[in-house]
Each structure stands twice: as structure tokens, then as C-alpha cells.
Amino acid sequence: MLFRRGRESENVEDRRGGGFGGLSLGGRGIGIGTILLLLVGAYFGIDPRLILGLLGGGAPVQVTAPAHKPPANDPEARFVSMVLADTEDTWRALFQKAGRQYQDPHLVLFTGATQTACGLGRAAMGPFYCPPDQKVYIDLSFYDDLKQRFGVPGDFAQAYVIAHEIGHHVQNLLGISDKVQAARQRMGEAQANQLSVRLELQADCLAGVWAHHADRARQVLEKGDIEEGLRAASAIGDDRLQRRTQGYVVPESFTHGTSAQRVQWFKRGIETGSVAGCDTFQNSPL
């Protein structure tokens, strides 16, 4: 991609290096003894919040690290900050054209675990978006997994990951996420999973919409970037992940869509640049 020297977003919150994944106890920092207890607890499957709550006499787990830009000597963090900035520029323009105002989300960098408005976020969950606090959370070690475990290196693959989560933010601003959540609560598990798949595929499509308009406005894509993004979408399809981890596929348990579906909708967004064209909630099969 061609914006490695582009604008960096002011909406990056770097919680790395602030103790155990940026967590603190009742406003106090976490000492090495507490960290050891947390590690032992994690080994036995104990939620770190339970240990912190006991040690703090019931005091809430808080985040103390202030928001600040990634350090100048951290190219990976600065890159995701530039991706975030580019999504801001793109979605502000698209919302304005539609007569709406875009609200910038925040991007939180953390290591291991961190507190969110959606509960405790863990690196093992992968990157995720939390609607109540309108923040995207990512442990940058995920990119190592993307490269080493899934064989998908490259900066556009990394940008796709951020753009997908920003797609969830767009859904949140448009009221789509709330409608899906309300509908899921009235359904059985299999039907609810199908709605989750449609929500995720729409976020893939919206990521493609961002890439389409960013390239038209700022010529950010290089040769091979789109193929790189499509490989990333394919690598994290439910069918491929299930086959890799358990050796068989259970379609009714899918929550993100198959590799083919993710590629299809991401590609549709790139080719059309149309938010309206990302309607995955039609009655027609995916």
C-alpha cells in the first residue's frame, strides 16, 4: 500500500506496556506478584477479573493507560494508525454524501488482555469491535498469526483486518448492529448464527467499499494488494478454520461465513464501492 507516510489518526489508544495488558486494580498499577497470580490463574482457566476483584476488595478493573499516538519507532503500530486515518477520510466523505455525520471510532492497541465496554478482551479472540464504546481492539501479534499460521503476509492483508472492524462500526452507526442483536435474541442458535454470518459478511463488503473509494481518491493500492486482501478473507473463513482446528466442518455453527462467501462479499465491495450493494440481509441465499 502507498500511504506508509500518510496521515496518522489521532484516535489511537496505545495500552501496551501498561502492566498486564493495560489492566489496573482499582486505579492502582499491577505489581509483579499480581501478574504471577494472574498467569497462574490463567493456566487453570480462572478469569483474571475474578483475581483482580478479590485482590482489590471488589474494586473494579480499570484501564489507566492514556490515549497516545504509537511511538515513532514502531512501524507496525504506525501503519495501523494510517489505515485508521484513511478509513476516517473515506467514511466521513461517504456519510457526508449521504447527508449524515460520521463519528470516528477509536483503535486500541493492547497486549494479552484489556478491559472493554464489552467485557474482558483477550488476544486469543482476535481483533474485534465493541459497539458500546465504539472502539476497535487489536493485539498486533495477530498479524504474526496471520502471516505464520495462515500464510497471509502483506500490508493490505493487515489493512483489511482493520477495515473489516471499521465495517462493524459503520453498521453500528447505521443501526444495523442493534437490529441484528435484537433479532438474534428471539431466535434459536442456528438461526442466530445465520444472522451473525450476514453481519460479518456485510462488514467484509464494507471493508471492500473502503478500499474502492480510498484507491479512487488517493491511489493507495499497489499491484497484488487486492489479491492479498482476498487471501486474507479466505484464510479466516469458518469452514477453513474449523477444518484446520478440528478436522471437520459444522455449517450450522458458522458465525462469520465460509471462505468463499467472505471472498465474494469483500470482492463485491471493492468492485462496486456501493454501501447499498452490501445488503447481505436479503432473503436470497448467501
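Distance distribution P(r), the range 150-282, all Cα-Cα pairs, bin width 5 angstrom from 0: 2, 11, 20, 23, 19, 14, 7, 3, 1, 0 percent.
Please work out how much length the chain gains when fully extended from Ala190 to Gln101, using 0.36 nm per residue of separation minus the C-alpha to C-alpha distance, in nm with one decimal. Please list the in-between numbers first.
On the way: separation 89, 0.36 × 89 = 32.04 nm, distance 3.55 nm.
Contour length minus Cα-Cα distance gives 28.5 nm.
Per-residue Karplus couplings for the range 77-92, computed as 6.51 cos²θ - 1.76 cosθ + 1.60 with θ equal to phi - 60°, are listed in order as 5, 5, 5, 5, 5, 5, 4, 4, 4, 5, 5, 4, 4, 5, 6, 4 Hz, Gly and Pro entered as x.
Residues whose amide H lies under 5 Å from that of Phe128, counting only those 5 or more places away or on a different chain, are Tyr137; hydrogens are built 1.01 Å from N in the peptide plane. Here's the picture: a label point sits 7 Å out from the Cα of Ser141 along the beta-carbon direction, and within the range 99-115 the residues with their amide nitrogen under 18 Å of it are 108-115. Each residue in Phe110, Phe128 was given a count of other beta-carbon atoms within 10 angstrom of its own, and listing them fewest first yields Phe128, Phe110.
Starting from the alpha-carbon convex hull of the range 102-191, give the projected area averaged over all orientations, in nm². List each step's numbers first, then the result.
Working: hull surface 27.7 nm².
Its Cα hull, projected and averaged over all orientations, spans 6.9 nm².
Could you name the lysines in cross-link range of Lys267, using Cα to Cα under 29 Å and dropping any fewer than eight places away on the same chain? Output for Lys267: Lys97, Lys135, Lys147, Lys179, Lys223. For Ser9, the amide hydrogen comes within under 5 Å of the amide hydrogens of Met82, Ala85, counting only partners 5 or more places away or on other chains and with H modelled in the peptide plane. Working note: Karplus 6.51/-1.76/1.60 with θ = phi - 60° gives the range 146-151 the couplings 4, 7, 7, 7, 9, x Hz, where Gly and Pro are set to x. Around the amide H of Thr116, modelled in the peptide plane, lie the amide H atoms of Gly121, all under 5 Å away and 5 or more residues distant in sequence or on another chain. Got a sec? Which residues in the range 175-212 would a label at Val250 touch, if it sits 7 Å along Cα→Cβ and we count backbone N under 15 Å? Residues passing the 15 Å test: 189-194.
Quick note: the coordinates plus some simple rules give every number you see, no bench work behind them. The structure presented is a predicted model; accordingly, all values stated were derived computationally and were not measured. Positions of Cβ are generated from backbone atoms using ideal geometry, with glycine treated the same way; all protein chains shown enter the neighbour counts.
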